Amino acid sequence: METTDLCLLGQKYQSDKARGVGKHNYTPDYHKILNEYRNEWTNILEIGIGYYDLMVKVVGVNYAKGASLRMWREYFPNAHITGCDINPECMFEEERITTLICDQNDKKSLVNMIEKVGTPQFIIDDGSHYIRHQEKSFEVLWKYLENGGIYIIEDIAKKYLERIKGLADCKEDCKVIHEHRTNKDSQGFIAFIKCV
């Protein structure tokens, strides 16, 4: 499998999404899905930021909180990146990165957060990984996603991949564009596009 620009950035920032860093091998597929939007998108939201005590077990001692936020910032040079998390320990601010407290299992918290973020072109859910939380976040946030935007739910237990794919059936403007399911990954992801 090809080593892409996104793979290299994931390795640079020690994101567990990156091939060769953690247990996932998402970045080659993410690059295929997202590359055409790199210079176009300006507003990106990631649910789940990560913090040292959690992620050191996955990627090692070089981990710094917000690794994937920094990866996205470099991959999308014209975008502001917002990360949200329930854990105050994850909060930080950097150039073109904002972080917000949010409980992805609480509708009011999600709405308050997205009202600050605006209309993202890309939402990626790397939060709690609980299927009910993933479903709730999708149900609340989908209407805020820009037309033509992409929503990815990652780290889905394989037994729930079909259930998450089924979320598209409940929306007239939603289509599954990619399913990541390999023997090498213990989990997968589903990518949806908001049809215009």
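Rank 84, 102, 170 by mean-square fluctuation in a GNM of the chain with C-alpha springs under 10 angstrom and give only the top-ranked residue. Comparing 84, 102, 170 in the GNM, the peak value goes to 170. Among 39, 87, 183, the residue with the largest mean-square fluctuation in a Gaussian network model of the chain, with springs joining Cα atoms closer than 10 Å, is 183. Remark: region 144-154, residue by residue, has Karplus-estimated 3J(HN,Hα) of 8, 5, 4, 4, x, x, 10, 10, 10, 10, 10 Hz, where x stands for each Gly or Pro and the curve is 6.51 cos²θ - 1.76 cosθ + 1.60 at θ = phi - 60°. If you take the alpha carbon atoms of region 84-196 and fit the smallest convex hull around them, that volume is 113 Å³ per residue.
Working from label points 7 Å from Cα in the Cα-to-Cβ sense, the residue 171 to residue 3 distance is 3.5 nm. Counting only protein heavy atoms and a 1.4 Å probe, the chain has 46 square angstrom of accessible area per residue. Between the listed residues 77, 58, 149, the Cα displaced farthest toward the positive end of the dipole of the chain, a dipole computed from Cβ unit charges relative to the Cα centre, is found at 58.
Taking 1.306 mPa s as the viscosity and 10 °C as the temperature, the Stokes-Einstein diffusion coefficient of region 1-140 based on its alpha-carbon Kirkwood radius rounds to 105 µm²/s. Among the cysteines of the chain, those with no neighbouring cysteine Cβ under 4.7 Å are 7, 90, 170, 174, 195.
Of the peptides 19-26, 44-51, the order by per-residue mean of other Cβ atoms within 10 Å, starting with the highest, comes out as 44-51, 19-26.
Per-atom-type breakdown for the chain gives carbon and sulfur 47% of the accessible area (1.4 Å probe, protein chains only).
Look at the Cα gyration tensor of region 42-91: its axes a ≥ b ≥ c give a/c of at least 1.5 with a/b at or below b/c, and that counts as oblate. Summing charges over all other residues whose Cβ lies under 10 Å from the Cβ of residue 58, with Lys and Arg as +1 and Asp and Glu as -1, gives +1. Model label points for residue 162 and residue 38, set 7 angstrom from Cα along the Cα-to-Cβ axis, are 3.7 nm apart.
For region 67-118, the Kirkwood radius over C-alpha pairs fed into Stokes-Einstein at 37 °C and 0.692 mPa s yields D = 284 µm² per second.
For residue 83, the amide hydrogen comes within under 5 Å of the amide hydrogens of 46, 98, 99, 100, counting only partners 5 or more places away or on other chains and with H modelled in the peptide plane.
When you restrict to C-alpha pairs under 8 Å that are six or more residues apart and normalise by the size of region 1-94, the relative contact order lands at 31 percent. Take every DSSP beta bridge whose two residues both sit in the chain; close to 40 percent of them are antiparallel. Listed values for region 124-141 are Karplus-derived 3J(HN,Hα) couplings in whole Hz (6.51 cos²θ - 1.76 cosθ + 1.60, θ = phi - 60°), namely 10, 9, 10, x, 5, 6, 7, 4, 5, 5, 4, 5, 5, 4, 4, 4, 6, 8, and x replaces Gly and Pro.
The values are calculated or read from the model by the stated rules, or taken from the named source; none is laboratory data. Just so it is clear, the structure is predicted and the values come from calculations on it, not from any experiment. A quick note on method: Cβ atoms are made from the backbone with ideal geometry, for glycine too, and the neighbour counts reach across all protein chains shown. Please note that ligands, DNA and RNA were not included when accessible areas were found on the heavy atoms of the full protein model with its side chains. Shrake-Rupley method; radii C 1.70, N 1.55, O 1.52, S 1.80 Å.
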